[in-house]
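All remarks here apply to the structure that follows.
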Amino acid sequence: MQLSREALLQAYRQMKTIRVFEDRLHDEIALGEIAGFTHLYAGQEACAVGVCERLDAQDFIISTHRGHGHCIAKGCDVVGMMKEIYGSSEGLCKGKSGSMHIADVTKGMLGANGIVGAGAPIAVGAGITAKGTGNVSIAFSGDGACNQGTTFEAMNMAVVLKLPVIFVFENNHYSEHTGESYAVGAESMTTRAAAFGMKAIKADGIDFFSVYEAMRELIAYCKAGNGPASIELDCERFFGHFEGDPQRYRGKGELDRLREERDCLKLFRTKVTEAKLLEGAALDALDAEVTALIDRAVAESKAAARPTADHVLEDVYISY
Amino acid sequence: MAMKMIRDVIRDTIDEEMARDDSVIMLGEDIVGGMGSPGGPEAIGGIWGTSGGLWAKYGSDRVIDTPISESAIIGAAAGASLTGKRAIAEIMFADFIGVCMDQIWNQVAKFRYMFGGKSKCPIVIRMPYGGGYNAAPQHSQSIHAMVTAMPGLKVVMPSTAADTKGLLAQAIREDDPVIFLEHKALYGVKGEVPDGDYLIPFGHARQVTQGDDITVLATGMMVGFAENAAAQLAQDGIGCDLIDLRTTSPLDEEAILDSVERTGRLLIVDELPPRCSFATDLSALVANKAFSSLRAPIEMVTGPHSPVPFARELESAYLPSPEKIVAAAVKAMSYRRG
């Protein structure tokens, strides 16, 4: 582990922010405070943060149906995101996007997506822009999206055009309610990606350091002009497909076991404290800081301005 | 002014815009043609002859020949345009929109709205459309009603060489996504084209012929058919106020309503089938906003409610024609209230 103390604190801060953001959303949704469909990311924090901590502001990412974690990891405003999910006109997307479509192009975050598998082709386009500039484009996809034809087209086109695109497959083992062992016909996402002619590796998606180290290798590979690459991250989803999902497809005791044995935040804490890189008190202080931020985000969201009917037609076109 | 075929106008306009603005890129299937083949790059230069020579001039980073992957073509154009490029995507036949509909309908058309107005998506999706080639049901369709119905897209249907230049240059400079529909049967048509920078703003119809008896609305190849019909009708003393709408979104409602208020009669010519269509949309507009001006029922000359057939006899029966337009106009003129 060659990360500086500041880099370690930043990685933990980002992961913890995602976790508290998601846990708080879970509670607020249960209280009936938030409308619509919400798909929580908790459990997969090491994936988003392990990837995005390797990126700079000029790199691009495109997210999935489960996009909050990627948004936070790429540096989107957390309070603005919360206001967006609450449907406020002060939200990051003025209340037009809600949970499923949050984007901030100025941060290189090209959007969560309501359509599973739609992101990979768009990441290829960002790869066209990135080619030759030293930047990369990241296509986050789940194990559900990996079976969409769009993802196949995107992988082939990225190979053909030798684009600096990294396909990040977060394999949380469930596409909606269907197990990966049933829905992914190939041996793995990695063998499938390799068949398109790109470098394809795996990493442990609950271990920030595993993801972070693997991304160093892939980004260097892409920047050297070798074309695209892919990484499959073995990870866990702590909540259902959508909020309110009773998760009857889970095994008995499965969630309790995952939260006990495969929690990326617990793993991170154990690793850095045992290696004496960070002390528990510093992490506790960050926990408090993050919790205060999310408390403020929720309070401000509840008090924030609501859109009015005259906002419906705004931003359909730039000029009309 | 130079005389040019419309296919050459398209290539030359793209060339001028690419020379003017480094951020303009182009992508599509076989737009270079011959890549990876013994004949080599530029062996074809586009199935429609609308991109020959551009690859040699601008290179593979700006003229991007793609695999047959329509979803990835539109997605890539979208991603590039969100990140600073101006992308011109070619879908070889408009019929193939079915393959990439999600990227057009759910992604490109909605980015600006979903992202709270904080993004631009300068993308032109060029799609050759329409019948007349005996190309059968999956290579002959018109799709403008479908895309006109989608908020967030602008839709252009030029009918002349000059308009093709002005509207395409405008489309490439727009910061909104534009569906640019080129009628296949017009590619070989010649016309005078203004030299230099020439832009036609969207939402402004073109008056083709002036007349006081009946308003005729048309787009694309239908404009020529209607012009032919108007000449025949003029010989019988029927004056057609023929309007080429040029863009279906935005729509020049003012030109339509002003004309109908003057003539009192409306005839709509369109290649699409008649149900839930562009013709019915225009009918509803006029019935809603100029009802008291109407002196006869609104006439529509459209394709029937069928796919576009293959055989010459069947396709001719399907497509509108000058004769069908004349007959419909005469019917409107002869209407008497009972």
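Where a number appears in this text, it was derived from the coordinates with a stated rule and is not lab data. All of these numbers come straight from a predicted model, not from anything done at the bench. Quick reminder, even Gly has a Cβ in these numbers, built from the backbone with ideal geometry, and neighbours come from all protein chains shown.
Cysteine residues of chain A whose C-beta has no other cysteine C-beta under 4.7 angstrom: A:Cys47, A:Cys52, A:Cys93, A:Cys146, A:Cys222, A:Cys235, A:Cys264.
Translational diffusion coefficient of the stretch B:1-102 at 25 °C, 0.890 mPa s, Stokes-Einstein with Kirkwood Rh over Cα pairs, in µm²/s as a whole number. Answer, rounded: 176 µm²/s. I need the shape label for the stretch B:235-304. Rule: rounded when a/c is under 1.5, else prolate if a/b > b/c, else oblate, with a, b, c from the alpha carbon gyration tensor. It comes out rounded by the Cα gyration axes. Structure remark: mean-square fluctuation, Gaussian network model of chain A, C-alpha springs under 10 Å; the largest value among A:Ala48, A:Ala200, A:Ala275 belongs to A:Ala275.
Derived scalar couplings between HN and Hα for the stretch A:114-124 equal x, 10, 5, x, 6, x, 4, x, 5, 5, 4 Hz in order, rounded to whole Hz, by the Karplus curve 6.51 cos²θ - 1.76 cosθ + 1.60 (θ = phi - 60°), x for Gly and Pro.
Grouping the Cα pair distances of the stretch A:116-161 into 5 Å bins from zero gives a pair-distance distribution of 5, 27, 30, 22, 11, 4, 1 percent in increasing distance order. The long axis of helix B:6-20 is offset from the longest Cα principal axis of chain B by roughly 50 degrees.
Note on chain B: GNM, Cα springs under 10 Å; of B:Asp213, B:Asp241, B:Asp22, the largest mean-square fluctuation is that of B:Asp22. Each Cα pair under 8 Å and six or more residues apart adds its separation to the average, and for the stretch A:90-158 the resulting relative contact order is 28 percent.
Calculated from the alpha-carbon coordinates, the stretch A:35-118 shows an Rg and a Dmax of 11.7, 34 Å respectively. Using every pair of distinct Cα positions in the stretch B:45-130, the Kirkwood expression returns a hydrodynamic radius of 13.6 angstrom. When the Cα atoms of the stretch A:165-242 are aligned to their principal axes, the ranges along those axes come out at 39, 27, 18 Å in descending order. All alpha carbon pair distances within the stretch B:196-338 were sorted into 5 Å bins beginning at 0; the resulting P(r) in whole percents reads 2, 10, 20, 23, 21, 13, 7, 3, 1, 0, 0, 0. The separation of the stretch B:1-58 from the stretch A:1-73, counted between C-alpha centres, amounts to 44 Å.
Inverting the pair-averaged 1/r between distinct Cα atoms of the stretch A:227-274 gives 13.2 Å as its Kirkwood hydrodynamic radius. Geometric descriptor of the stretch A:113-201, per residue, is 86 Å³ (volume of the convex hull of the Cα atoms). Using the rule -39500 (n - 2.57) for each DSSP H run of four or more residues, divided by the residues of chain A, the 222 nm mean residue ellipticity is -13500 deg cm²/dmol. Per residue, the convex hull spanned by the Cα atoms of chain A amounts to 135 cubic angstrom.
A cut-off of 5 Å between modelled amide H atoms, ignoring neighbours fewer than 5 places along the same chain, links B:Leu27 with B:Ile64, B:Ile88, B:Ala89, B:Glu90. Restricting attention to chain B, close to 20% of DSSP beta bridges with both partner residues there are antiparallel. Could you identify which residue out of B:Gly117, B:Gly53, B:Gly45 has the top mean-square fluctuation in a GNM of chain B using Cα springs shorter than 10 Å? Of B:Gly117, B:Gly53, B:Gly45, the Gaussian network model singles out B:Gly117 as fluctuating most.
Whole-Hz Karplus values for the stretch B:262-271 come out as 7, 8, x, 9, 9, 10, 10, 10, 8, 7 Hz, taken residue by residue from phi with 6.51 cos²θ - 1.76 cosθ + 1.60 and θ = phi - 60°; glycine and proline positions read x. More than 13 angstrom separation, counting every C-alpha pair in the stretch B:177-233; what % is that? The answer is 73 percent, as a whole percent. For B:Ser249, the residues whose modelled amide H falls within less than 5 Å of its own, excluding neighbours fewer than 5 places apart on the same chain, are B:Val155. Of the residues B:Gly191, B:His144, B:Ser292, the one whose Cα sits farthest toward the positive end of the charge dipole of chain B, with +1 on the Cβ of Lys and Arg and -1 on the Cβ of Asp and Glu, is B:Ser292.
The 3J(HN,Hα) values that the Karplus relation (6.51, -1.76, 1.60; θ = phi - 60°) gives for the stretch A:91-98 are, in residue order, x, 4, 10, 6, x, 8, 9, x Hz. Gly and Pro appear as x. Computed from Cα atoms, the angle from the helix B:221-235 axis to the main principal axis of chain B rounds to 30 degrees. Please tell me the relative contact order of chain B in percent, rounded to the nearest whole number, where contacts are Cα pairs under 8 Å and at least six residues apart. Reported relative contact order: 15 percent. Enclosing the Cα atoms of the stretch A:1-150 in their convex hull gives a volume equal to 119 cubic angstrom per residue.
Quote the Stokes-Einstein diffusion coefficient, in whole µm² s⁻¹, for chain B, based on the Kirkwood radius over alpha carbon pairs, a temperature of 25 °C and a viscosity of 0.890 mPa s.
120 µm²/s
Restricting the calculation to alpha carbons of the protein assembly as shown gives Rg and Dmax of 27.9, 97 angstrom.
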